1. Note the direction-averaged projected area, equal to a quarter of the hull surface, for the Cα convex hull of the stretch 15-110, in nm².
2. So who's got an amide H within less than 5 Å of the one on LYS124, skipping anything under 5 residues away but keeping other chains? H placed 1.01 Å off N, in plane.
3. Could you give the spread of the C-alpha atoms of the stretch 60-124 along their three principal axes, from largest to smallest, in whole angstroms?
4. On the accessible surface of the stretch 107-211, probed at 1.4 Å, how many percent belong to carbon and sulfur atoms?
5. Send over the Kirkwood Rh of the stretch 142-181, from the inverse of the averaged 1/r over different Cα pairs, rounded to one decimal Å.
6. I need the Kirkwood Rh of the stretch 38-77: take the reciprocal of the average 1/r across all distinct C-alpha pairs and report it in angstrom.
7. Take each uninterrupted DSSP H stretch in the chain, measure its Cα extent along the helix axis, and return the ones at 15 Å or beyond whose mean Kyte-Doolittle hydropathy is at least -1.0.
8. Can you give the alpha-carbon Rg of the chain over 2.2 N^0.38 Å, where N counts its residues?
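The values are calculated or read from the model by the stated rules, or taken from the named source; none is laboratory data. Computed from a predicted model, the values in this text were never measured in an experiment. Using ideal geometry, Cβ is built from the backbone for each residue, glycine included, and neighbour counts are taken over all protein chains shown. Protein only, heavy atoms only, side chains kept; ligands, DNA and RNA dropped before computing areas. Shrake-Rupley method; radii C 1.70, N 1.55, O 1.52, S 1.80 Å.
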Amino acid sequence: RFMGRNYFSVPADQRKNIHILEIGCGSCANLWMVAQEGFNAYGLDLSKEAIRLARKMLKNRGVMAADLRVGSMTRLPYQNAQFDTVLDVFSAYCLDEDNFKACLQEVKRVLKPGGRFFSYTPGKASDAFQNHLPARMLDASTLEGIYRKDSPYAGNHYPFRFVSPAEYSELVTQAGLKIRYLETVHRSYFNQRETFEHVVLEAKKIQEKLN
């Protein structure tokens, strides 16, 4: 829906001028569509294996035009103001509070003035967060992992950060981005015994005024 709202009206011969980065792109389950639709696609992931699979995914789908790199979301290997859009589709939640703040600053840095940030991330209304034991809390928002066996995403034994819509709005605003769209999506699991909340956010880099 984000791509449709903002970019599908762009004529096909102009889409290469729009540079879109997905952080934590994994095997390109999302990015292949961005590249296939003719946009200038970039993908970043910390895992070398993920990037290897991503290249294989793109090749299998007949999509070769994507710049894929191994790197960290807290130190993006790109120039200032390089991208029209940065996407975070259920990826940056693996960063704890401090590292995610650093990630947001990097997102702002690499976005062009007026550029867009889209994020789909775990929400604190999730039963996985509200009833997180036996997992420990690394900070006020981040679990050490999902260790309760009857929880959605059980077995993800790495940092797993949750955020409320109000908290996310404040974080993004403090980073210098303006909220354009904010909603929550709730999904049930295990015959509706468990609920998982997703926070969906779209923001825009504020154009700084010249003195």
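1. 5.4
2. When sequence neighbours closer than 5 places are left aside, the close amide H contacts are VAL163, SER164.
3. 38, 28, 21
4. Here it works out to 50 percent.
5. 11.9
6. Every distinct Cα pair counted, the radius reaches 10.6 Å.
7. Helices meeting the criterion: 48-60, 97-110.
8. Normalised Rg, Cα atoms only: 1.03.
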